[in-house]
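Below is one structure; the comments refer to it alone.
The values are calculated or read from the model by the stated rules, or taken from the named source; none is laboratory data. Everything numeric here is computed off the predicted structure, so don't read it as measured data. Here the Cβ positions follow ideal geometry from the backbone for every residue, glycine too, while neighbour counts run over all protein chains shown. For accessibility, only protein heavy atoms count, side chains too; no ligands or nucleic acids. Shrake-Rupley method; radii C 1.70, N 1.55, O 1.52, S 1.80 Å.
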Amino acid sequence: MTAGTIYRYYANKEDMLKAVIQESYERTYLEGDQLFAQFRGTGPELLAEVIRAWWRLVGSTRLSGLPKLMIAEAANFPELAQFHREAVIERGEGYIARAIEYGIARGEFRPLPVDIAVKVVCAPVVMAMIWRHAPLPCNAGDLDIERYLDEVIHTLIQGLAVRPAGSNPER
């Protein structure tokens, strides 16, 4: 195939990258939708499963380089960055929001602003993805990702937990 053949199917490199991103995430979306359709456990179990599935399907793959690329190139390719926000970030955040809302509805997580909680949940996982692709000394070195995710999940679930009577509901 020649370079010109690609432009029969895509108007430009951005459109080609959009198609690659969309196709690359299809499996993630299918598994995410299946997880929610079949899940019958607790809110903490669901949140843990969503985080672990995210790492398995994205964080441990070559797709984990995408956040670093988008951060670096967003100013140069704002349309592509907006596409990534809508096609990848918002959809992924939607899964996290659904897991948090599930836990709140079951009385397992305290009522809280879900939009902010989503950012808190996503940040440590996205950071681990960036570390995977950062050069020394900016990366996390020999981080044991399973131990790291265990601690992230434990810390997040403790922070989301319903507070005992008499505790400060604001914190």
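Tabulated results
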| read-out | value |
| --- | --- |
| Residue in the stretch 49-93 that is most open to solvent (accessible area, probe 1.4 Å), counting only those that are closer than 15 Å to LEU17 by Cα and outside any helix (DSSP H, G or I) | ASN76 |
| Qualifying residues in the stretch 32-48 (those that are part of a helix (DSSP H, G or I) and open to solvent by 80 Å² or more (accessible area, probe 1.4 Å)) - the one nearest to ALA19 (Cα to Cα) | GLN34 |
| Residue count for the stretch 37-63, restricted to those that are touching a residue at least 40 places away in the same chain (Cβ under 8 Å) and among the aliphatic types (A, V, I, L, M) | 6 |
| Number of the exception - GLY107 against (1) in a helix (DSSP H, G or I); (2) exposed (fewer than 11 other Cβ atoms within 10 Å of the Cβ); (3) at pLDDT 95 or above | (1) |
